[in-house]
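Undergrad: One structure, as C-alpha cells, below. Some questions next.
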Amino acid sequence: MFLRGSILVFLLAVSMRGVTQIVTGAMDTTRTANLDTIPRDKGKKVITIESYSKRFDPRKALLYAALLPGAGQAYNKKYWKMPLVYGGFAASAYIINFYQGEYNKYKGELFSMLNDPSRTTSPSGGTQDQVRSLI
C-alpha cells in the first residue's frame, strides 16, 4: 500500500514538472485585451459590453421567455435558437406519445391474459411474466 502511494506521488511530481515553467530574463510583454470588449476581426468595430447590455435588457428577455418559450431569444435577435427550443418540445412530445402507446398496448395484453387463463402467450408473443416485466 505504501509503495502504491509513493509511486502515485512520484508520478504526480514528474507530471507537474512539465506543467510548471521557469521564466528567466525579461517580463512577459504580451498584450492583453480589455476585459470589457468583445474582439472582432480587423477593420470592424469593437463592441463594448456596456453598449450590448444597453441594447438588450436581460430582465425583459426573461419576462418574454417566461410568457412564451423562445421569445427571449427572439428579443435578443438569436432567431436560430428558437427552432431548437420548439424542436426539443416536439421531440419530447413524440417520445412521450410513443412510450405511452406501448405501455397501453402491453397493459391491454396483460389484462386480456389475466382474464383468460387458457391464453399462455400475448398477441406480441410474450409470456405473462415477460409482459409483466414490460409494464
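The values are calculated or read from the model by the stated rules, or taken from the named source; none is laboratory data. Every value quoted in this text rests on a predicted model; they were computed, and no experiment measured them. As a convention, Cβ positions derive from the backbone with ideal geometry for all residues, glycine included, and neighbour counts pool all protein chains shown. Ligands, DNA and RNA are excluded from the accessible area calculation, which covers all protein heavy atoms including side chains. Shrake-Rupley method; radii C 1.70, N 1.55, O 1.52, S 1.80 Å.
Undergrad: Within the range 54-75, is even one residue of a type in the set (S, T, N, Q) and modelled with pLDDT of 70 or more?
TA: Yes.
Undergrad: With the checklist (1) open to solvent by 90 Å² or more (accessible area, probe 1.4 Å); (2) among the hydroxyl-bearing types (Ser, Thr, Tyr); (3) over 30 Å from Gly70 (Cα atoms) in hand, flag the one item Tyr106 doesn't pass.
TA: (1)
Undergrad: Follow-up. Restricted to the range 66-83, and to residues that are open to solvent by 60 Å² or more (accessible area, probe 1.4 Å) and not in a helix (DSSP H, G or I), which residue is nearest to Arg55 (Cα to Cα)?
TA: Lys77
Undergrad: Among Ser133, Ser124, which is the only one that is free of Cβ contacts under 8 Å to residues at least 40 places away in the same chain and not in a helix (DSSP H, G or I)?
TA: Selected residue: Ser124, the only one of Ser133, Ser124 that is free of Cβ contacts under 8 Å to residues at least 40 places away in the same chain and not in a helix (DSSP H, G or I).
Undergrad: Step by step: first the residues of the range 115-129, then only those that are at pLDDT below 85 and polar (S, T, N, Q), then the one that is surrounded by the most Cβ atoms within 10 Å (Cβ to Cβ). Which residue is that?
TA: Among them, the one singled out is Ser122.
Undergrad: Does Ser112 qualify as being of a type outside the set (A, V, I, L, M), assigned to a helix (DSSP H, G or I) and modelled with pLDDT of 65 or more?
TA: Yes.
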